Amino acid sequence: MNGDQIEFKWLDVKLIGNDTVTFKLEDGATLKVRVDVDRAGVALNFKNPDGSAHYNLNISPRITLIPPGKKYSLPRSQIKVPPQPKPKPDEKAPYG
């Protein structure tokens, strides 16, 4: 192994408590923050200057902001409407 390489031991991660922190903003909006740990490792051949273990973490934050009225909009082009089955010639359409 190259002397410039730091070797890490992959650590399993166990969630303690809730994975989401929720805040209420002054305007009534709700802010939810969730953090997932993608990878956690501890260095095997390297220590911090104070002698403590050196960790490497990769996280994925997910932020959701819910407006006070709980309303939002999307362009019509983003809405996928499934095609309605065509009625047989001797049947009436289901909605009119």
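The values are calculated or read from the model by the stated rules, or taken from the named source; none is laboratory data. Please read all numbers here as calculations on a predicted model, not as lab measurements. Every residue, glycine among them, receives a Cβ derived from its backbone with ideal geometry; neighbour counts consider all protein chains shown.
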Problem set entry | Any pair with Cβ under 7 angstrom, 6 or more apart, that starts in the range 59-80 at a residue that is under 17 Å from K32 (Cβ atoms) and ends at one that is hydroxyl-bearing (S, T, Y) | I66/T30
Exercise. So how many residues does the range 45-90 have that are surrounded by 10 or more Cβ atoms within 10 Å (Cβ to Cβ) and among the hydroxyl-bearing types (S, T, Y)?
Worked result: 2
For this session: Taking D36 as the residue in question, decide whether it is in contact with a Pro (Cβ under 9 Å, 6 or more places away or on another chain) and surrounded by fewer than 10 Cβ atoms within 10 Å (Cβ to Cβ).
Result: no
Exercise. What pairs come up if the first residue lies in the range 1-24 and is surrounded by 10 or more Cβ atoms within 10 Å (Cβ to Cβ) and at pLDDT 95 or above, the second is part of a loop (DSSP other than H, G, I, E, B) and of a type in the set (A, V, I, L, M), and their beta carbons are under 7 Å apart, counting only those six or more places apart or on different chains?
Worked result: E7/M1
Exercise. Pick from the range 29-83 the residues that are among the polar types (S, T, N, Q) and in contact with an Asp or Glu (Cβ under 7 Å, 6 or more places away or on another chain): which of them is nearest to W10 (Cα to Cα)?
Worked result: N58
For this session: Report, by residue number, each residue of the range 25-39 that is out of contact with any strand residue (DSSP E or B) (no Cβ under 7 Å at 6 or more places or on another chain) and either without any contact (Cβ under 8 Å) to a residue 24 or more places away in the chain or not in a loop (DSSP other than H, G, I, E, B) (or both).
Result: E26
